[in-house]
Amino acid sequence: FLIILFCIGVSIFYQSGVPYISVRVEHAVFYLGKKRLITSTPPPRTHTRTGAGTKDANSNASENQYESARTCIDKIRGKESQSRIAVAVLAANRPQYFKKVLSSLQQQTVTNFDVFLFVDHIPNNNDNQATLTMGEKFKPAGGVHVPVENYGIARLTMWAVETMFASKDRQGNNLYDRILVLEDDHLIGHNYIEAMGMLLTAADSDGMQDVAVVNGNYINTPTHGTTISKSKTESMLMIRDDDECVFQVAPLNAMTHLNSHNVWAWATTRKKWDVIHDTLKEAMHLSGLDRDNYKQRNKPLINKVMDDICDPNAGFSNWKGQDWMRACVFYSKGMKFKLQPTRRLMSYIGQDGLHMKKEVFQKAGFDPVEEADQLKVSVDQYPEDLCSKTCVLEKHLLEPSLSR
């Protein structure tokens, strides 16, 4: 347990006996702990009763925990996690990235997904035509979709999600209750879709109704004792009360602070999307995000719409984009968290078109030495770990501040 002692304006933290002494005026501390779902690893499958009508040394409580853990694991491993996932790839004008993303989709460890390609309309542009041609040769099961006019990323995303959830079979039944949204610079690992399927099953469990989306990190979550400094926010200290955490349930309003906390390559379920759809659609329209050119966004208007929907102190309006608007609406509907692994499963490779200098791009962690499609991350243990090693990431502002 983390014990905070305040004495004559000086704060001393103890984490397993290690002190942290305050030296600044304000400091954010992230705690990764407080396990959710099942709080301890279930016994092995060889666990049996000692005889007919009798019980072994385990108490009723531990036996019930075993049963709930086993149910959790079986649900994630079972047929429910194998339902088909609709995967959208949003593209425009960057064929060099698009090619890598399509290649990663062809190398996935599972086949229970259908790809939909959405290529924005950019007339008289050779790169965009090359992107479209590449997409048509890919022959995705969900088809290649091109709007009649330039949509921009916000409108294209809404169209993609609505199209996938509106897909029906010949009997008029919904084809997909789970969707994953990628952009043409989101390079995913070979088992990314398999991992997202398991995370979506966990996110639909009784203990995670407040989870909005799932995704894979583009950078590993900072380790225990790490201090993170960013120019536009206060410094942060990562404290783990349990180094065994493999997954984190992280607050959406911490995205502006923690480098590893992004909104890319995200997935959600129909049940969660239906809750926010109408409000998000209206917010996109009122803010102009569904029609204005990215460079010509009305930032004061976007800021006002976000503050009207969310608590202004939540910080979503610090970023004037469709990702943050979506997170804001989820947050306003009581789904204030996202679920993700603490170790990365994707790479953000889109420096071109980001209006960011190379050194800034690399400093932000967007240019990993090893791209996601080369990572050798096993997901075999994911069901057990989701049920026993999923922890809550919480942010606290402390005064006076802390540093190592």
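The values are calculated or read from the model by the stated rules, or taken from the named source; none is laboratory data. Remember, it's a predicted structure, so these values are computed and weren't measured experimentally. Using ideal geometry, Cβ is built from the backbone for each residue, glycine included, and neighbour counts are taken over all protein chains shown. Ligands, DNA and RNA are stripped out before the accessible areas are found, and what is left, the full protein with its side chains, is counted by its heavy atoms. Shrake-Rupley method; radii C 1.70, N 1.55, O 1.52, S 1.80 Å.
Output the Kirkwood hydrodynamic radius of region 161-208, Cα pairs only, in Å rounded to one decimal. Intermediate values should be presented prior to the final figure.
Details: mean 1/r = 0.0783 Å⁻¹.
Computed over Cα pairs of region 161-208, the Kirkwood hydrodynamic radius comes out at 12.8 Å.
List the residues, sorted by chain then number, that are 5 or more residues from Leu180 or on another chain and whose placed amide H is less than 5 Å from its amide H.
Close amide H contacts, sequence-distant or interchain: Ala86, Val87, Ala88.
Please turn the phi angles of region 342-347 into ³J(HN,Hα) values with the Karplus equation 6.51 cos²θ - 1.76 cosθ + 1.60 (θ = phi - 60°), one per residue in order, whole Hz, x for glycine and proline.
6, 9, 6, 10, 9, 10
With +1 assigned to the C-beta of every Lys and Arg and -1 to the C-beta of every Asp and Glu, and no other charges, what is the dipole magnitude of region 112-262 about the Cα centre in debye, to the nearest 20?
Working: 9 positive and 20 negative charges, 75 e Å.
So the dipole magnitude of region 112-262 works out to roughly 360 debye.
Checking the table Lys100/Lys357; Lys99/Lys357; Lys75/Lys272; Lys281/Lys376; Lys281/Lys320 against a 27 Å threshold on Cα-Cα, which pairs fail?
Numbers: Lys100/Lys357 22 Å; Lys99/Lys357 23 Å; Lys75/Lys272 19 Å; Lys281/Lys376 39 Å; Lys281/Lys320 16 Å.
The pairs that break the limit, which is 27 Å between Cα atoms, are Lys281/Lys376.
Could you list which residues have their amide H under 5 Å from that of Gln248, counting only those 5 or more apart in sequence or on another chain, with H placed in the peptide plane?
The answer is Gln340, Thr342, Cys391.
If you roll a 1.4 Å probe over region 154-246 with all protein chains in place, what percent of the accessible area is carbon or sulfur?
On the way: 1430 of 3290 Å².
Looking at region 154-246 in its full context, I get 44 percent from C and S.
Can you work out the Karplus-derived ³J(HN,Hα) for every residue in region 333-338? Use 6.51 cos²θ - 1.76 cosθ + 1.60 with θ = phi - 60°, whole Hz, and x for glycine or proline.
Per-residue couplings from phi come out as 9, x, 9, 9, 10, 10 Hz.
How large is the Kirkwood hydrodynamic radius of region 117-255, counting all unique pairs of alpha carbons, in Å?
Details: mean 1/r = 0.0536 Å⁻¹.
About 18.7 Å for region 117-255.
State, as an integer percentage, the relative contact order of region 105-156 based on alpha-carbon contacts under 8 Å between residues 6 or more apart.
On the way: 48 pairs, mean separation 25.1, N = 52.
The normalised contact order for region 105-156 reaches 48 percent.
Using θ = phi - 60° and the Karplus curve 6.51 cos²θ - 1.76 cosθ + 1.60, what whole-Hz ³J(HN,Hα) does each residue of region 82-92 get, with Gly and Pro shown as x?
Using θ = phi - 60°, the values come out as 9, 4, 5, 10, 8, 10, 9, 10, 9, 9, 5 Hz.
How far, in nm, would the chain grow between Val275 and Lys139 when pulled straight, counting 0.36 nm per residue and subtracting the alpha carbon separation?
Gain on extension, Val275 to Lys139, equals 45.7 nm.
Using only the alpha-carbon atoms, what does region 142-224 span along each of its principal axes? Please give whole angstrom values in decreasing order.
Extents along the principal axes, in whole Å: 50, 32, 25.
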